[in-house]
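A short write-up of the structure that comes next.
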Amino acid sequence: MSERRVLMEGSHAIAEAAIQAGCRFYAGYPITPSTEILEYMSFRQPQVGGVCVNAESEIEAINMVWGASGCGVRAMIASTGQGISLMQESLAELSNAQIPCLVVNMMRGQSDYFQATRGGGHGDYRHLVLAPHTVQEAVDLVGLGFYLGDKWRTPVDLLGDFVLGHTSEAVSFRPRDESDLPPKTWAATGAVGRRAHNVTPLGSPEKLNLSHGSHFTVMGEKYPRMAAAEQRCETGMLDDAELVVVAFGSPARFVKYAIRQCRAEGMRVGWIRPITLWPFPADVVAEAAAVIGRALATDRRLLVFGNGGSAADAQHLVAELVGRFEVERRPLRAIALTSDSSVVTAIANDYGYARVFARQVEALGEEGDVALGISTSGGSENVEAALAVARARGMVTIALTGCDGGQMGADANIHLNVAETSTARVQEVHRTILHAMCLLIDRSAGASGEA
């Protein structure tokens, strides 16, 4: 039998998912774009025997969640970045006291990444951060968030945004098997039939026994285990990708669509979508970097060209690849078409300056080689002409541009654009990009001498 699906707005679906996951306490303060969660909870919690409190401030609300969670109740709060800022002390205390709860940040854009993944409180804490990109995934991750919170005894941050909260989708609420979760013997449930104990970020459950060192040793051992066990991500089209886009949350939906359009036009582009922002899925990102490095470091040629400062950048890149950047590896077959003054001046004299690179591409380029054209304006006629010849010969074309990239960027297989009109600023960023390319190749090669 097919599962039942319900059309719901994102914020309401997140709230209902929390109800379905057993959340029976919600406290919050109305702030856009999280208010709809509070509104939904205000009538749904009483229906299931739960409690919803419209607090006077975010500080009051998070401390109410603190109290409910400390008693073993599944509790949740939602706000946006500004409200989350006011909760940092309590989030640090919750993390260090190992109290699970679900904190939903409906961001105004994507400006709260560091806040969510680094934490603004004390005690060098970390907590899990989940980033859904669809309403259905948000529903699923709410349930997962409560489960992981209880499993690891940690707050869990669900990072949504305005788009997610106000998008309506057909969703289903799927029960989760939680039979492996341990009982909450740590919770303050009333000292009946047992000794009294504390629920405290100071560590010891025994009164007046402050064992800070042993407590933080336990915490320090827990975080690496969390990081190793809970990395989650989605990837696509990485096998032959020469450019990989990393995006999370709602924007990732648009990135995936754009990449499919690029693929339809023959561009070798892939994506990585982190689902956990902490722990960040570093392993898969490193793997993608290795794929890029292998694509650029084959026995095929890399032809690089540009004018003026871009000519210098072309020669600089080739020097790093034929020589070395930071690790030992075999030399790569890279050629700067700006280096041979006799060839450049002969072609310019006989065919015109617009052909100085195109003529060399005709002579040296073969199908499967890579042509990298650099132009701070995106409108260099001779660079554009060379890229056109490269495309016609079945080469992969990369345009590294400034301004809006012009037609050169639009026609290239891969376009790296610095959207800036100052030539000096563009050149500075171009050099950083070129060094990043070298670093990716070096990292894929390691120190083994292989490329």
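The values are calculated or read from the model by the stated rules, or taken from the named source; none is laboratory data. Because the structure is a prediction, the values reported are computed rather than measured. Because the Cβ atoms are built from the backbone with ideal geometry, glycine has one as well, and the counts that use them run over all protein chains shown.
Among what's in segment 1-38 and is among the aromatic types (Phe, Trp, Tyr) and surrounded by fewer than 24 Cβ atoms within 10 Å (Cβ to Cβ), pick the residue that is farthest from Gly67 (Cα to Cα).
That would be Tyr29.
Ser339 fails exactly one of the following numbered conditions: (1) of a type in the set (S, T, N, Q); (2) in a loop (DSSP other than H, G, I, E, B); (3) modelled with pLDDT of 95 or more. What is the number of that condition?
Result: Ser339 passes all but (3).
For every residue, the table says whether it meets (1) of a type outside the set (Lys, Arg); (2) modelled with pLDDT of 90 or more; (3) more than 23 Å from Ala258 (Cβ to Cβ).
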residue	(1), (2), (3)
Ala385	yes, yes, yes
Ser422	yes, no, yes
Met437	yes, no, no
Gly446	yes, no, yes
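Yes or no: segment 262-283 includes at least one residue that is buried (at least 16 other Cβ atoms within 10 Å of the Cβ), modelled with pLDDT under 90, within 18 Å of Thr432 (Cα to Cα) and out of contact with any Phe, Trp or Tyr (no Cβ under 8 Å at 6 or more places or on another chain).
no
Scan segment 365-390 residue by residue and report those that are crowded, with 20+ Cβ neighbours inside 10 Å and on the phi > 0 side of the Ramachandran plot.
Within segment 365-390, Gly378 is the sole residue that qualifies.
Among the residues of segment 3-33, write down those that are of a type in the set (A, V, I, L, M) and more than 21 Å from Val156 (Cα to Cα).
Val6, Leu7, Met8
Give segment 14-46 a look and list any residue that's aromatic (Phe, Trp, Tyr) and within 21 Å of Val171 (Cβ to Cβ), or say none.
Within segment 14-46, Tyr26, Tyr40, Phe43 qualify.
Looking at Ala371, Ala392, which is the one that is touching a strand residue (DSSP E or B) at 6+ places or on another chain (Cβ under 9 Å) and among the hydrophobic types (A, V, I, L, M, F, W, C)?
Only one candidate passes the filter, namely Ala371.
Condition check ((1) in contact with a strand residue (DSSP E or B) (Cβ under 7 Å, 6 or more places away or on another chain); (2) surrounded by fewer than 24 Cβ atoms within 10 Å (Cβ to Cβ); (3) among the hydroxyl-bearing types (Ser, Thr, Tyr)) across all residues:
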residue: Ser85; (1), (2), (3): no, yes, yes
residue: Gln88; (1), (2), (3): no, yes, no
residue: Gly123; (1), (2), (3): no, yes, no
residue: Val129; (1), (2), (3): yes, no, no
residue: Thr134; (1), (2), (3): yes, yes, yes
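So, restricting to helices (runs of 4 or more DSSP H) that lie completely within segment 7-115, which ones have at least 3 residues that are among the hydrophobic types (A, V, I, L, M, F, W, C) and over 20 Å from Lys184 (Cα atoms)? Show your work before the answer.
On the way: elements: 10-20, 35-47, 58-70, 81-86, 88-96.
Once the helices (runs of 4 or more DSSP H) in segment 7-115 are filtered for at least 3 residues that are among the hydrophobic types (A, V, I, L, M, F, W, C) and over 20 Å from Lys184 (Cα atoms), what remains is 10-20, 35-47, 58-70.
Specify which of the listed residues (Thr134, Thr167, Thr154, Thr185) is under 27 Å from Gly121 (Cβ atoms), among the hydroxyl-bearing types (Ser, Thr, Tyr) and in contact with a helix residue (DSSP H, G or I) (Cβ under 8 Å, 6 or more places away or on another chain). I'd like the intermediate steps shown before the answer.
Values: Thr134 fails: under 27 Å from Gly121 (Cβ atoms); Thr167 fails: under 27 Å from Gly121 (Cβ atoms); Thr185 fails: in contact with a helix residue (DSSP H, G or I) (Cβ under 8 Å, 6 or more places away or on another chain).
Sole residue among the options that is under 27 Å from Gly121 (Cβ atoms), among the hydroxyl-bearing types (Ser, Thr, Tyr) and in contact with a helix residue (DSSP H, G or I) (Cβ under 8 Å, 6 or more places away or on another chain): Thr154.
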